[in-house]
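The values are calculated or read from the model by the stated rules, or taken from the named source; none is laboratory data. From a predicted model like this one, the values you see are computed outputs, not experimental measurements. Cβ: placed from backbone, ideal geometry, glycine included. Neighbour counts: every protein chain shown.
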Amino acid sequence: MKKKKSQISIQFSWIFILIAGAIILIFFIGIIYKQKAVSETRLAGTVATDLEAILTGARISTGTVNVIQIPKIEATFTCDEMGDSWFGVDWEKTGIKKSLPIEVVFAPNLIKGKELITWALDFSAPFKVTNFLYLTSPEIRYIFVNPDEEIYEDFPEETTKEEVLTMAGISDKNNYKVKFIFFDQAPGTVPAPLQHMPNKDITAIKITGKTIEFFEKENSRFKSTGQTFYITKPMLYAAIFAEDKIYYECNLKKAFKALNIVATVYADRETTLKEYYENNPDDRRAYCTLYYYEEDTTALKQISEACIQDMINCPGLSDPIAKLEHDNLILKEHSCPLLY
Amino acid sequence: MKSNKTQMEIMGLAIIVILVAMAMLFVVQFIVLKEPTELKKTYTYSELAANTLNAMLKTTTACKDQDITRLLQDCAAYPPDGLIVCNGGSCDFVTGAIKEILNQTLVTWNIAFNFTTKIKILDKEENVIPPISQGTCIGERQTKIYPIPTAAGPMIVRLDICG
Amino acid sequence: MFETIAILFIFFIIVLFGFIFYTRIQKTTYKAEQEEAVILRAIQIAEKASFLPEIQCSFDNVPVEDCIDKYKLEALTPIIDPNKIYYYRIFGDSRITINQTYPSDTVSWTLYDRPKEGERLSTQIPVSIYNPATDQYTFGVIYVEVYR
């Protein structure tokens, strides 16, 4: 009897140990999972904040290409027709996103990997307006088909770029995104080794004069998604880095908003300079009043305003930009205070 | 037997307590007691010396519309008073102008600094104008040096922001 | 068995203490990170103010560091308010003033003013203020006050 009681007691003991052990394990595993989620969100938040700091830094320094080591995250960039612009870090999992209402950033819609390439160029029209920041990943492939050598050479070496004369011989190098850049030629068919890739991961642009046409893959062919324009070289590079026409134009609108403000400042500055020399005829540079043609800065201000309302007015910016460059040259020749 | 088992359990508990106490000690040592980084001070002081000197040397003065660089060059080339005349010599004028600028900025903001202008004459370093300073400059400092060519040789303008 | 339960109970109490201690430390660390973020933001705003293309001096489109064009500054100041949403994104809750200190200290411009209740962090940046008509520089200071 005593032996039987002891045996039952041992069994109950073991059951108790199992239950207690399971509770303890579940408790600690629960904590670990919770901490993992918290850490991931925290990491995404830190990366988002650091990326924001990079964008701020890029507003100040231009010309250099930086390769930044980042944790293995997925950064999403969006800018839509309504002007809603933001970037997210592991957004679907963490919900972490930061808005970019004025920062002009050209990037593919998804950047993933352990490295982030940043490049900033001045956007001048003709005076410095803002900086364009280009972001990409070494895992994204850029294929220039029969390119303009200067454009290809100036494209950052740190990116995965290549130039080809024809589409024949292009192989799959296991990139998650591929962008084709065509110069004065129609895209034609998607190379066979790349046809298995999802449609959204293969895009193209065709550059003809000052016109850019965007394409996306539709099975084995490229389908046009619309035409747009560019005025300066930084805008051309913007079209290469941008995911699509909507993203490109959305960010350009931000640049033109900045242009409108800066053009207003320069127009007022020119008026003040002209008035100063008119009111001080004894000044040694009073003759400079002859060389301030306020209509050109005013035209730039007005066209940039119209451009923000409707992008169809934007190509009209080329004319006042060229005139202002000429006006500045005249002022330089006569040793007068420059427009910019 | 029972006593052995209990002793083992107590020992196990004691080990856990020791481990938790050690973990807490590490946390306190490396996180709570860690000195906060003086991010703002590091950034502002590193820029302050450069910004102050760059802006100061470009400043146009009332002394025949000459800038501070030009007056320092004149003072260095023609000691002790300088050749340019305005309410005294250029040396006195530029010393007064620099003192006024530094009084309105670094002195008002209670920042310790040391401003010197030195030139090498016959292998000996001489001050072009008397040094201007506030507080003691020991330990960490942020320095901006500006070499200015003069007729008497290169002059080194130096601003140390201390602390 | 009761001894085992008692030991388990004590064990869980110790774990609970450790957990409370850990969350307290997390709170302190989080507060320190928040503080650092505020300071970083103040530095970013100061940098943006001193490198703003709308007021920075330039000669033939080459920007000059530590220099503000007086006429551009006077042209921009009235434009800030109609574009306050745009500039809020750049400067946030802050106040940016530029004071001329030499030769005369009576000239001052308030470039941006969007105050908020609470503590503020001040940064001063010496700059040159350039008059393009007379080709002369004066000494000034940009005061950036960022509200927490």
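Rundown of residues vs (1) in a helix (DSSP H, G or I); (2) more than 9 Å from every other protein chain (Cβ to nearest Cβ); (3) in contact with a Gly (Cβ under 8 Å, 6 or more places away or on another chain); (4) within 25 Å of residue A:62 (Cα to Cα), yes/no style:
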{"residue": "C:30", "(1), (2), (3), (4)": "yes, yes, no, no"}
{"residue": "C:65", "(1), (2), (3), (4)": "no, no, no, yes"}
{"residue": "C:118", "(1), (2), (3), (4)": "no, yes, no, no"}
{"residue": "C:121", "(1), (2), (3), (4)": "no, no, no, no"}
{"residue": "C:126", "(1), (2), (3), (4)": "no, no, yes, yes"}
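Every condition in (1) among the polar types (S, T, N, Q); (2) closer than 22 Å to residue A:234 by Cβ; (3) loosely packed, with under 14 Cβ neighbours inside 10 Å is met by residue A:56 except one, and the failing one is (3).
Give the range A:250-286 a look and list any residue that's within 17 Å of the chain's Cα centre (by Cα), among the charged types (D, E, K, R) and crowded, with 21+ Cβ neighbours inside 10 Å, or say none. If you could, list the steps in order and put the result at the bottom.
First, the residues of the range A:250-286 that are within 17 Å of the chain's Cα centre (by Cα): A:250-258.
This time we only want the ones that are among the charged types (D, E, K, R), so: A:253-254, A:257.
Those that are within 17 Å of the chain's Cα centre (by Cα), among the charged types (D, E, K, R) and crowded, with 21+ Cβ neighbours inside 10 Å: A:254, A:257.
Of all residues in the range A:299-324, count the ones that are under 19 Å from residue A:274 (Cβ atoms) and within 12 Å of chain C (Cβ to nearest Cβ). Going through the range A:299-324 one residue at a time, the tally reaches 2.
When residue C:111 is tested against (1) facing another protein chain (nearest Cβ under 7 Å); (2) out of contact with any Lys or Arg (no Cβ under 6 Å at 6 or more places or on another chain); (3) under 22 Å from residue A:262 (Cα atoms); (4) surrounded by 20 or more Cβ atoms within 10 Å (Cβ to Cβ), exactly one condition is not met: (1). Criterion applied to C:142, C:79, C:96, C:85 was being of a type in the set (Val, Ile, Thr) and facing another protein chain (nearest Cβ under 7 Å), and the one residue passing it is C:79.
Is it fair to say residue C:84 is surrounded by fewer than 16 Cβ atoms within 10 Å (Cβ to Cβ), in contact (Cβ under 8 Å) with a residue 24 or more places away in the chain and not small (Gly, Ala, Ser)?
Yes, satisfied.
Every residue, every condition in (1) surrounded by 22 or more Cβ atoms within 10 Å (Cβ to Cβ); (2) within 16 Å of the chain's Cα centre (by Cα); (3) away from every other protein chain (no Cβ under 14 Å), yes or no:
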residue	(1), (2), (3)
A:99	no, yes, no
A:114	no, no, yes
A:151	no, no, yes
A:156	no, yes, yes
A:159	no, yes, yes
A:174	no, no, yes
A:183	no, no, yes
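Inclusion of residue C:37 among residues that are within 41 Å of the chain's Cα centre (by Cα), at pLDDT below 80 and either in a helix (DSSP H, G or I) or of a type outside the set (D, E, K, R) (or both) is warranted. Check every one of the strands (runs of 3 or more DSSP E) wholly within the range A:51-104 and list those with 3 or more residues that are over 23 Å from residue A:159 (Cβ atoms). Those strands (runs of 3 or more DSSP E) span A:97-99.
Under the condition of being farther than 13 Å from residue A:243 by Cα, free of Cβ contacts under 8 Å to residues at least 24 places away in the same chain and part of a strand (DSSP E or B), the residues counted in the range A:181-225 number 4.
Pairs are defined by a Cβ separation below 7 Å, a sequence spacing of at least 6 or placement on different chains, a first member in the range A:97-116 that is under 29 Å from residue C:88 (Cβ atoms), and a second member that is of a type in the set (Gly, Ala, Ser) and part of a strand (DSSP E or B); the pairs so defined are A:97/A:88; A:99/A:85; A:100/A:85; A:101/A:85; A:111/A:75.
Taking the range C:1-28 as the range and being assigned to a helix (DSSP H, G or I), among the aliphatic types (A, V, I, L, M) and more than 7 Å from chain B (Cβ to nearest Cβ) as the test, the residues that pass are C:5, C:6, C:8, C:13, C:15, C:16, C:20.
Determine, yes or no, whether residue B:97 is surrounded by 15 or more Cβ atoms within 10 Å (Cβ to Cβ) and part of a loop (DSSP other than H, G, I, E, B). No.
Suppose the filter is among the aliphatic types (A, V, I, L, M) and in contact (Cβ under 8 Å) with a residue 60 or more places away in the chain; does residue A:286 pass it? No; evaluated as a whole, the condition is false for this residue. Considering every residue within the range B:11-24, establish whether at least one is crowded, with 20+ Cβ neighbours inside 10 Å, modelled with pLDDT of 85 or more and more than 9 Å from chain C (Cβ to nearest Cβ). No; the residues of the range B:11-24 include none that is crowded, with 20+ Cβ neighbours inside 10 Å, modelled with pLDDT of 85 or more and more than 9 Å from chain C (Cβ to nearest Cβ).
Checked against (1) more than 7 Å from chain A (Cβ to nearest Cβ); (2) crowded, with 22+ Cβ neighbours inside 10 Å, residue C:72 meets all criteria but (1). Residues in the range C:40-55 that are crowded, with 20+ Cβ neighbours inside 10 Å and either not charged (D, E, K, R) or not in a helix (DSSP H, G or I) (or both): C:42, C:43, C:44, C:45, C:46, C:49, C:50, C:52, C:53, C:54, C:55. In the set A:248, A:293, A:276, only one residue is over 30 Å from residue A:178 (Cβ atoms) and modelled with pLDDT of 95 or more; that residue is A:276. Within the range A:235-254, can one find any residue that is within 14 Å of chain C (Cβ to nearest Cβ) and touching a Pro at 6+ places or on another chain (Cβ under 8 Å)? So far as the range A:235-254 goes, yes, one or more of its residues are within 14 Å of chain C (Cβ to nearest Cβ) and touching a Pro at 6+ places or on another chain (Cβ under 8 Å). The residues on offer are A:142, A:176, A:152, and the sole one that is in contact with a Ser or Thr (Cβ under 8 Å, 6 or more places away or on another chain) and either at pLDDT below 95 or of a type in the set (Ser, Thr, Tyr) (or both) is A:142.
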